[in-house]
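Enquirer: I am attaching a structure below and will ask some questions about it afterwards.
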Amino acid sequence: MIHKTRLFTPGPTPLLPAAQFAMAAADMHHRTPEFRALYQKVLAQLKVFVGTQNDVLLLASSGTGAMEASVSNLTSPGDQVLVLTAGKFGERWVELAKAFGCAAEVVKAPYGETFDLAAVRKALKPEHRVLYMQATETSTGVRHDVEGIAKLLKEAGSEALLVVDGITGLGTTHFDVDGWEIDVLIGGSQKAVMIPPGLAYLSVSEKAWAAMEGAKNPRFYFDLRKERKNAVKGESAYTPAVALIAGLGAALDYIAGQAGGDLEKGRIALIDNAQVNAAATRAGLVALGFTLFAPTAPAAAATAVAMPEGMNSGEVVKALKARFALVTANGQGEMQGKIFRVAHLGFFDYLDTVAFLGAMEHIAKDTLGLPVEYGQAVAAAQKVFAEAVKL
């Protein structure tokens, strides 16, 4: 049988063909009018894609680079910060805060769950300079209540900046960045915008810009003030990832094209697409007898699936790849072997979901020995899709 590789990992995600063509053709120098025009266009598009009037900057790094910048630019050694963590990427905020000498107070939720707002309210102090959190915790498939946290900060009269890792949240979750007063929202190129790893982007509020002037932590490459100053001229502070930026422009054009050229509507359609595919996938997996790892707060970026007692998730990941060249993700850290994760963000459509669930029927029946009838997962997904397209 022919095996066509299909990526169902929550990053990197499948590449958009138009973006691949644009990257291949991006033979230009970065200090030229040609590139400046492209760069300014992409920065303007990113503001629409993020959904903000704030500045949006690009960095030649993974999303972790923008996370680091959100600590180094906004804090001083000894600052008190509040970190919300419920998985491996929330834990990264803790590590970053400590690396820059901050006193990090941590509110934890168990893996697979989201935060109790009352616990966050209780932990919040006037001394907290920044609150760091995820929009979606990719390691566990959980969506966190960013709006609820933003409202909590307002009600408490807190001056803390709200910094959100939206690396898998952008393009899968609806945000009101300016209305909720999110001070920094971070994205990454290998997620919903359908291009390879290597670019991070982040929106920065005026409140955050003002806070940078008093921040004392060291920064050089990730000095956001340099990037803002250069962006006005259509340039980056240092050598940009030219081909990736060209690919990003093509991807944003494609997203706009899905809504008649309206990028804002295209962003909404992209999010709705992820949410429908996630719901259909969850329905199909439950129909096969699997248990969702995050049933109460599931993310649309990726679904985490708990294994039946005595079974290892690595068996599913290996079997899907060996039999169908379909690549999913095992659990991370202590969750390895206990859960597997399948993505829905970016260049996925309903037929991809059907293909995945069809493959899962075979794996559940033949590899895991579950009592499966062919078609039951697909039928459950079809019902979800049929209801969604009626709306």
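The values are calculated or read from the model by the stated rules, or taken from the named source; none is laboratory data. This structure is a prediction, so every number in the text was calculated from the model and none was measured. Virtual Cβ from ideal backbone geometry, glycine too; neighbours counted across all protein chains shown.
Enquirer: Which of (1) touching a Pro at 6+ places or on another chain (Cβ under 9 Å); (2) within 23 Å of residue 22 (Cβ to Cβ) is the odd one out, the single condition residue 142 does not satisfy?
Expert: So the condition that residue 142 fails would be (2).
Enquirer: If we keep just the residues of the range 109-154 that are in contact (Cβ under 8 Å) with a residue 24 or more places away in the chain and of a type in the set (Lys, Arg), which is nearest to residue 9 (Cα to Cα)?
Expert: Going through the qualifying residues, I end up with 143.
Enquirer: In addition: Across the range 42-60, what is the number of residues that are small (Gly, Ala, Ser) and either surrounded by 23 or more Cβ atoms within 10 Å (Cβ to Cβ) or at positive phi (or both)?
Expert: Result for the range 42-60: 1.
Enquirer: Quick check on the range 28-41. Is at least one of its residues buried (at least 18 other Cβ atoms within 10 Å of the Cβ) and more than 13 Å from residue 235 (Cα to Cα)?
Expert: Checked against the condition, which is being buried (at least 18 other Cβ atoms within 10 Å of the Cβ) and more than 13 Å from residue 235 (Cα to Cα), the range 28-41 yields no hits at all.
Enquirer: Kindly state which strands (runs of 3 or more DSSP E) lie completely within the range 154-233 and contain at least 2 residues that are under 21 Å from residue 303 (Cα atoms).
Expert: In the range 154-233, the matching strands (runs of 3 or more DSSP E) lie at 161-165, 184-188.
Enquirer: Here's a follow-up. Conditions: (1) touching a Ser or Thr at 6+ places or on another chain (Cβ under 9 Å); (2) crowded, with 20+ Cβ neighbours inside 10 Å; (3) in a helix (DSSP H, G or I). Residue 323 meets all but one. Number of the miss?
Expert: (2)
Enquirer: Right, here's the next one. Please go through (1) outside any strand (DSSP E or B); (2) crowded, with 16+ Cβ neighbours inside 10 Å for residue 303 and return the number of the only condition it doesn't satisfy.
Expert: Going through (1) outside any strand (DSSP E or B); (2) crowded, with 16+ Cβ neighbours inside 10 Å one by one, residue 303 breaks only (1).
Enquirer: Which one of 316, 384 is crowded, with 19+ Cβ neighbours inside 10 Å, aliphatic (A, V, I, L, M), over 19 Å from residue 88 (Cβ atoms) and free of Cβ contacts under 8 Å to residues at least 60 places away in the same chain?
Expert: Just one listed residue meets the conditions, 316.
Table: residues versus (1) surrounded by fewer than 24 Cβ atoms within 10 Å (Cβ to Cβ); (2) among the aliphatic types (A, V, I, L, M).
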{"residue": "87", "(1), (2)": "no, no"}
{"residue": "101", "(1), (2)": "yes, no"}
{"residue": "123", "(1), (2)": "yes, yes"}
{"residue": "165", "(1), (2)": "no, no"}
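Enquirer: Kindly list the number of the only condition in (1) small (Gly, Ala, Ser); (2) in a helix (DSSP H, G or I); (3) touching a Pro at 6+ places or on another chain (Cβ under 7 Å) that fails for residue 314.
Expert: Single failed check for residue 314: (3).
Enquirer: Continuing with the same structure: Considering the range 210-263 alone, what residues qualify as being hydroxyl-bearing (Ser, Thr, Tyr), closer than 30 Å to residue 79 by Cβ and in contact (Cβ under 8 Å) with a residue 40 or more places away in the chain?
Expert: 236, 238
Enquirer: So is residue 365 surrounded by fewer than 19 Cβ atoms within 10 Å (Cβ to Cβ), at pLDDT 95 or above, under 27 Å from the mean Cα position of the chain (by Cα) and basic (Lys, Arg) or not?
Expert: In short, no.
Enquirer: Condition check: in contact (Cβ under 8 Å) with a residue 12 or more places away in the chain, surrounded by 15 or more Cβ atoms within 10 Å (Cβ to Cβ) and within 21 Å of the chain's Cα centre (by Cα). Does residue 277 satisfy that?
Expert: yes
Enquirer: Moving on. For the range 188-205, check the following and say yes or no: at least one residue is over 29 Å from residue 346 (Cα atoms) and touching a residue at least 12 places away in the same chain (Cβ under 8 Å).
Expert: no
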